[in-house]
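Trainee: The structure is given below, and queries will be raised subsequently.
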Amino acid sequence: MTDRLLLLARGRRVGVALLGAGAAAALVVGVLAVPGPVVTAEPGAVEVTPVRATQSLVCGGPILGLSRGPEPEIIAVGETVRRSAGEGLVERAVSDSDAVGGGAAIVELPAEAPADDVAATERQELDEAELRGLAVAECLPPAPTSWLVGGSTTTGRSSTIVLSNPGEVAATVDLAVWGADGPLDTAGTSGLIVPPGAQRVIPLSGIAPDEASPVVGVTSRGGSVAATLQQSTIIGLEPAGVDVVTPVAAPSQRVVIPVLPVVDSEGLAVAAAALGAIDVSTVLRLLVPGDEAADVTVSLLPDTGGEGAALTARVEPGAVIDLALGELADGDYSVIIDATAPVVAAARASVASDAGIDSAWFTAAPPLDDADGDILLAVAPGAGARLHLVAPDDAAIVTVDGALIELGPRSRASLELAGSTAPVMIVSGEVRASISYLTDAGLASSRILAPVAAPRPITVFP
C-alpha cells in the first residue's frame, strides 16, 4: 500500500472513530473537510519612472610625447578640439595626470538635464618633429573591463596606456598583456591605483618591450576607468603617424568593424618602400584570450556591394596574430568576424600623402537597434568625416536627421557628414556604425556607441 493510500485509509478510520464518539464531533469534522471558497487579494500595482543618473563620458586628452633633455618626461603635445552634444551637458577637467600638461575632459549630462543622451568626440592634428598625423577618438563611459587591440613597441614605435578615473572612488587596476608568443610576464602591472579625478599614464614599452602585436586587457576594482592606447611611429627620422585606440568591453564570438578603408594602396606602397616601413600594410589583429582554439571566418564586405571576400583561419589560444589583408582593392570595407570561441580584434590601415604616412586602428563597434531610440552622434570638428553603417545579418533601415538609408542583409552603406555637427540617428533592425576621417593630415576613426538608455517605467508591487 502506498503512503498516499495508507494516509487515506487512516483518515477513514479516524472518521469512523469520530462518528462513534458523537454527532457533534462528526459535524465539526464534516465542516472542516468540505473545501470552502478561495479568496485572493490582488495587490495594487504602481508604475514608477526611476530618476535618470548622471551620465559621464571621458575624453582622454592630447597626444603624449617625450620632452627633450637629459631627463625626458612624458608631456602633452598640442591640444585637442572636441564636439560635445546633449542639451544641458557640463564639462570639467581631470588635470591630475602623470603627463606634464596632460589630463582628460569629462563631459557629463546631469540627472536634471532636459536631454536623455550625450555624446562627444575628440580630434587632434599634429605636424611636429617627432609626431605627425591625425587622431580622433570617441569619448568613453568608464568601465570595469576594457580590451585594447593595437599598437607596437618595436623600434620607433611608442604605445602608451592612458587610464582616466572620472569618479569619486579610487580604482585599482590590473593590466594583462598578450603578444605574438602568448601571454607576457608583466611584473608590476597588478594593483595600479588610479585616484579619483586622476589620470595614470603607463608606457607599454616598459612592461612589454619590443612587442610587435600587443593586446592589453584592463580590469578595475572599486572605481571604473576609461582606458585608451596612444600609438605613435617614427621611421628613421621621419614621424609616420599617431593614433588613439579605444577599447572593446569583452571578447565575443561575433566581432564587427564597420569600416576598414583601403586608400591609394599603390601610393602607400611607394611611400613605405622609400621610408623602409614594414608595418603600415593592412592587417587584422586577432586574439583568443581563452583556453581553446577558435576557427575564425572573416568576411570583408565592399562598398560596391556583393558578397565580397572571405578568409578562414584557426587561431590558437593566447597568441596574437596579425592577418595580412594586403591584396584588397582600394575602397571601404566592413569586417565581420565569426568565431567558435570568443575573440578580440581590430584592423590597421594606413594612408600616404605629401605630408607623409599615417596609420590608424579600427576597433569593433557595438550593436545598435530599435531599443536604442534616438542615437546622438558627435562629429569631430574639421573635414573628412564619413558615417559608415553595416547590417551584419538581416536588412535594416537607418535615418540620419531624416535622411533614409536602407541596408540589405549583410550589406554596408556610407554617408558624408559635416564636421562639428550632432545628427540624430534612428535604427530599425540591427547595425554597427562608425565614422572615418580622411584628410591630408592622415586617417582616423571614431565609433558610434549605444546610448545609455533613458529610464523606462517599471511596475512596483507593494
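The values are calculated or read from the model by the stated rules, or taken from the named source; none is laboratory data. Since the model is a prediction, treat every value here as computed from it, not as a measurement. Here the Cβ is made from the backbone with ideal geometry for all residues, glycine too, and neighbour counts use every protein chain on show.
Trainee: In the stretch 327-349, how many residues are of a type outside the set (Val, Ile, Thr) and crowded, with 24+ Cβ neighbours inside 10 Å?
Mentor: Summing the residues that are of a type outside the set (Val, Ile, Thr) and crowded, with 24+ Cβ neighbours inside 10 Å in the stretch 327-349 gives 7.
Trainee: Return yes when residue 120 is in contact with a Cys (Cβ under 7 Å, 6 or more places away or on another chain), touching a residue at least 40 places away in the same chain (Cβ under 8 Å), crowded, with 18+ Cβ neighbours inside 10 Å and among the small types (Gly, Ala, Ser) and no when it is not.
Mentor: yes
Trainee: Is one or more of the residues making up the stretch 179-201 among the small types (Gly, Ala, Ser), closer than 12 Å to residue 230 by Cα and part of a strand (DSSP E or B)?
Mentor: Within the stretch 179-201, none of the residues are among the small types (Gly, Ala, Ser), closer than 12 Å to residue 230 by Cα and part of a strand (DSSP E or B).
Trainee: For the stretch 381-400, check the following and say yes or no: at least one residue is on the phi < 0 side of the Ramachandran plot and free of Cβ contacts under 8 Å to residues at least 12 places away in the same chain.
Mentor: Within the stretch 381-400, none of the residues are on the phi < 0 side of the Ramachandran plot and free of Cβ contacts under 8 Å to residues at least 12 places away in the same chain.
Trainee: Further question: Collect the residues in the stretch 68-86 that are without any contact (Cβ under 8 Å) to a residue 40 or more places away in the chain and exposed (fewer than 13 other Cβ atoms within 10 Å of the Cβ), keeping them in residue-number order.
Mentor: 68, 69, 70, 71, 72 - these are the residues of the stretch 68-86 that are without any contact (Cβ under 8 Å) to a residue 40 or more places away in the chain and exposed (fewer than 13 other Cβ atoms within 10 Å of the Cβ).
Trainee: Could you check, for the stretch 371-379, whether at least one of its residues is in contact (Cβ under 8 Å) with a residue 12 or more places away in the chain and under 30 Å from residue 130 (Cβ atoms)?
Mentor: So far as the stretch 371-379 goes, yes, one or more of its residues are in contact (Cβ under 8 Å) with a residue 12 or more places away in the chain and under 30 Å from residue 130 (Cβ atoms).
Trainee: Kindly check whether there is at least one residue in the stretch 127-142 that is of a type in the set (D, E, K, R) and within 18 Å of the chain's Cα centre (by Cα).
Mentor: Looking through the stretch 127-142, at least one residue is of a type in the set (D, E, K, R) and within 18 Å of the chain's Cα centre (by Cα).
Trainee: Next question. Go through (1) within 22 Å of residue 184 (Cα to Cα); (2) surrounded by fewer than 23 Cβ atoms within 10 Å (Cβ to Cβ); (3) not hydroxyl-bearing (Ser, Thr, Tyr) one by one and return the number of the condition residue 253 breaks.
Mentor: Going through (1) within 22 Å of residue 184 (Cα to Cα); (2) surrounded by fewer than 23 Cβ atoms within 10 Å (Cβ to Cβ); (3) not hydroxyl-bearing (Ser, Thr, Tyr) one by one, residue 253 breaks only (1).
Trainee: Would you please list the contacts, defined by Cβ atoms under 8 Å and residues six or more apart or on different chains, that run from a residue in the stretch 198-214 that is touching a residue at least 60 places away in the same chain (Cβ under 8 Å) and under 30 Å from residue 93 (Cβ atoms) to a residue that is in a loop (DSSP other than H, G, I, E, B) and of a type in the set (Asp, Glu)?
Mentor: What qualifies is 199/98; 200/98; 201/98.
Trainee: Among 365, 352, 360, which is the only one that is outside any strand (DSSP E or B), crowded, with 19+ Cβ neighbours inside 10 Å and of a type outside the set (Ser, Thr, Tyr)?
Mentor: The conditions single out 365.
Trainee: Quick test of your reading of the structure: residue 310 fulfils all but one of (1) within 27 Å of residue 437 (Cβ to Cβ); (2) more than 24 Å from the chain's Cα centre (by Cα); (3) not in a loop (DSSP other than H, G, I, E, B). Name the failing condition by number.
Mentor: (1)
Trainee: Is the stretch 181-201 home to any residue that is charged (D, E, K, R), over 17 Å from residue 322 (Cβ atoms) and surrounded by 18 or more Cβ atoms within 10 Å (Cβ to Cβ)?
Mentor: For the stretch 181-201, residues charged (D, E, K, R), over 17 Å from residue 322 (Cβ atoms) and surrounded by 18 or more Cβ atoms within 10 Å (Cβ to Cβ): present.
Trainee: Take residue 297 and tell me if it is touching a Leu at 6+ places or on another chain (Cβ under 8 Å) and buried (at least 17 other Cβ atoms within 10 Å of the Cβ).
Mentor: No; evaluated as a whole, the condition is false for this residue.
Trainee: Do the conditions hold for residue 277, that is, is it modelled with pLDDT of 95 or more and aliphatic (A, V, I, L, M)?
Mentor: no
Trainee: Quick one: which residue in 363, 421 is within 26 Å of residue 134 (Cβ to Cβ) and in contact with a Ser or Thr (Cβ under 6 Å, 6 or more places away or on another chain)?
Mentor: After applying the criteria, what remains is 363.
Trainee: Within the stretch 399-407, identify whether any single residue is surrounded by 15 or more Cβ atoms within 10 Å (Cβ to Cβ) and outside any strand (DSSP E or B), and answer yes or no.
Mentor: No, the stretch 399-407 contains no residue that is surrounded by 15 or more Cβ atoms within 10 Å (Cβ to Cβ) and outside any strand (DSSP E or B).
Trainee: Output the qualifying pairs, or none if there are none: Cβ atoms under 7 angstrom, residues six or more apart or on different chains, first residue in the stretch 151-163 and closer than 9 Å to residue 205 by Cα, second residue surrounded by fewer than 21 Cβ atoms within 10 Å (Cβ to Cβ) and of a type in the set (D, E, K, R).
Mentor: Once the first residue is closer than 9 Å to residue 205 by Cα and sits in the stretch 151-163, its partners that are surrounded by fewer than 21 Cβ atoms within 10 Å (Cβ to Cβ) and of a type in the set (D, E, K, R) give 152/279; 153/210; 154/210.
Trainee: Also: Just one of 108, 130 is in a strand (DSSP E or B) and touching a residue at least 40 places away in the same chain (Cβ under 8 Å); which is it?
Mentor: 108
Trainee: Please enumerate the residues belonging to the stretch 233-270 that are in a loop (DSSP other than H, G, I, E, B), among the hydrophobic types (A, V, I, L, M, F, W, C) and closer than 13 Å to residue 358 by Cβ.
Mentor: Across the stretch 233-270, the qualifying residue is only 263.
Trainee: Same structure again: Scan 205, 158, 164, 220 and give me the residue that is surrounded by fewer than 19 Cβ atoms within 10 Å (Cβ to Cβ), outside any loop (DSSP other than H, G, I, E, B) and either at positive phi or hydroxyl-bearing (Ser, Thr, Tyr) (or both).
Mentor: Matching residue, one of 205, 158, 164, 220: 205.
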